[in-house]
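The values are calculated or read from the model by the stated rules, or taken from the named source; none is laboratory data. This structure is a prediction, so every number in the text was calculated from the model and none was measured. Note: ideal-geometry Cβ built from the backbone for every residue, glycine included; neighbour counts use all protein chains shown.
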Amino acid sequence: MGLEHRWSQFLEAVKTEIHATSMELFELLAPVEEAQDELVLSHPSEFMAGVCAETSMNGMIFDMVVAHWPGDPPKRVRVIYRPSEVQPERATLPLFQRPSDTAPPAPRPVAPPVASRPSIGSPLNRTMSFQAFISDNSNEEAFYAAERFAKLEDAAHFNPLYIHGQSGTGKTHLLHAIGNHVNKCAPERPVLYFTGDQFATIIIDHIRARRVDLFRSATQLEGAVVIVDDVQLLANKTKTIEELFNLFNWHRLRGAFLAFASDLPPGDIPGLSERLASRMSEGLVLTVSTPLYETRVAIAQTWAESLAGSRDVFDAEVFELLADLFNTNIRELQGAVKRLNLRRELKGLDHLDLATARQMLSVEMAQRQSKSPEDIARIICEQEGVSFEKVRGKGRTTRLVQARMWICGLLREETTLSLVEVGKLLKRDHSTVHHSLGRYEKHLETPAGQARREALRRALRAN
């Protein structure tokens with residue numbers, strides 16, 4: 001099978017996996033050679049060949065080739081510049097827009113050759129839908145707002161939408177779900193999705209090429225939905241922030257819909273201009289926090305089902321262990337489920353019990369227990385303004401009871417201690433610890449409780 005034929009097969013396979021925007025990029029690439037585990041591709045635009053070779057776009061191309069290459073995939077992909085005497089005929093639709101399934105596009109002027117107008121933006125992850133998102137008190141407001149926002153015609157009070165919270169709490173999933181819903185229900189609307197680092201890289205590349213005007217013309221699309229993730233990565237990047245402000249203003253003045261996500265609220269991002277921060281805040285700003293314990297268990301079960309076809313390949317206690325160990329970042333939890341399932345398959349096990357799972361996760365468990373349980377308890381006592389000795393005593397003042405509650409909850413999240421072991425540390429029986437954990441979970445249903453937990457976690461990491 002020749003290289004040209006394999007490339008054609010690859011294009012057919014990838015066509016169903018990515019948005020039409022990214023497909024334009026792959027259709028302009030041409031195979032040059034495949035040798036020594038390296039696939040060499042060419043692009044007819046010198047500028048875009050450089051972008052593909054030096055930015056995060058190269059990683060996206062490589063990932064798609066590895067996933068869909070017919071036969072053994074290459075270990076490296078390199079993009080070079082090779083001019084084409086005849087530019088390929090391209091559709092007259094603007095960048096990012098997909099043709100409607102039900103009606104032909106309205107006549108419009110013929111677009112310039114696509115080789116001079118690079119596709120900009122990242123493909124959406126089609127597995128990230130609203131149906132696949134597990135919601136609880138930690139994210140229900142953001143989930144509801146994102147669903148309403150994605151309906152567009154009913155989203156005036158939600159626009160612009162800004163979601164912030166620590167890494168691994170579902171912000172990216174909600175943004176992709178918005179984009180996927182718009183692509184499905186309003187395919188005539190262009191969806192522009194960027195990550196903060198990709199947006200900065202694209203701006204830098206265009207500045208170097210002295211073609212910022214090219215970026216502006218490619219992104220100024222009527223009726224677009226603009227989505228920018230990880231806005232905090234633009235901190236102190238003055239020129240990039242200026243271009244984001246221009247993009248925001250151009251679309252906002254035309255009634256477009258804009259959604260953002262960040263680890264920080266708009267006003268806390270260093271170097272973000274006051275005018276941009278205020279515009280981002282004029283719609284709806286919402287916070288997401290770490291999902292509750294039961295939700296983490298459900299997420300782990302869902303991932304096990306998607307990987308192995310059934311959650312029954314893991315003992316119920318294994319999901320509880322995972323939810324305890326990986327309690328601050330859902331990406332880490334999902335990664336742990338994948339590693340456990342891989343290790344189960346390598347050992348040829350049909351079922352994974354708790355003891356075997358503990359052995360398989362021994363490294364992760366050791367890393368999580370770098371502080372002793374007593375160290376954790378003493379740090380919490382210091383933050384709560386009480387002594388560890390009094391917490392272990394018989395006192396029942398509000399501050400002592402509150403400190404015991406936080407110690408019980410965080411020891412269960414930060415260590416693998418059993419209820420009995422936590423009770424021994426605090427000189428309490430396991431039923432008292434169980435009662436404290438019930439109060440702890442109830443406390444986390446409030447924004448104040450979630451904020452206090454995050455503050456205590458930061459203190460644990462800082463000490």
ask   = Could we say that T356 is within 21 Å of the chain's Cα centre (by Cα) and hydroxyl-bearing (S, T, Y) here?
value = no
task = Scan (1) assigned to a loop (DSSP other than H, G, I, E, B); (2) in contact (Cβ under 8 Å) with a residue 60 or more places away in the chain for the single condition L272 breaks and write down its number.
result = (2)
inquiry  = Quick check on my filter: what residues within the stretch 387-436 are part of a helix (DSSP H, G or I) and in contact with a Gly (Cβ under 6 Å, 6 or more places away or on another chain)?
reply    = H430, V433
message = Being in contact with a strand residue (DSSP E or B) (Cβ under 6 Å, 6 or more places away or on another chain) and farther than 14 Å from A186 by Cβ is the filter here; which residues of the stretch 146-173 pass it?
response = F158, N159, P160, L161, Y162, I163, H164, G165, K171, T172
key: Residues of the stretch 198-237 that turn out to be out of contact with any strand residue (DSSP E or B) (no Cβ under 7 Å at 6 or more places or on another chain), at pLDDT 85 or above and among the charged types (D, E, K, R), as a count   = 1
message = Looking only at the stretch 400-433, count every residue that is over 20 Å from I379 (Cβ atoms) and touching a helix residue (DSSP H, G or I) at 6+ places or on another chain (Cβ under 6 Å) and tell me the total.
response = 4
ask   = What's the number of the condition R339 fails, among (1) of a type outside the set (A, V, I, L, M); (2) farther than 19 Å from C408 by Cβ; (3) more than 23 Å from the chain's Cα centre (by Cα)?
value = (3)
Qualifying position, being surrounded by fewer than 12 Cβ atoms within 10 Å (Cβ to Cβ), closer than 27 Å to R457 by Cβ and hydroxyl-bearing (S, T, Y), among S310, S362 = S362
message = Given the criterion buried (at least 22 other Cβ atoms within 10 Å of the Cβ), part of a helix (DSSP H, G or I) and touching a residue at least 12 places away in the same chain (Cβ under 8 Å), identify the matching residue among I207, I178, I163, I227.
response = I178
ask   = Can you tell me which residues in the stretch 404-455 are of a type outside the set (V, I, T) and touching a His at 6+ places or on another chain (Cβ under 6 Å)?
value = L419, G423, G449
remark   = Selection from the stretch 284-328 of residues in contact with a Gly (Cβ under 9 Å, 6 or more places away or on another chain) and under 22 Å from V363 (Cβ atoms) yields F326, T328
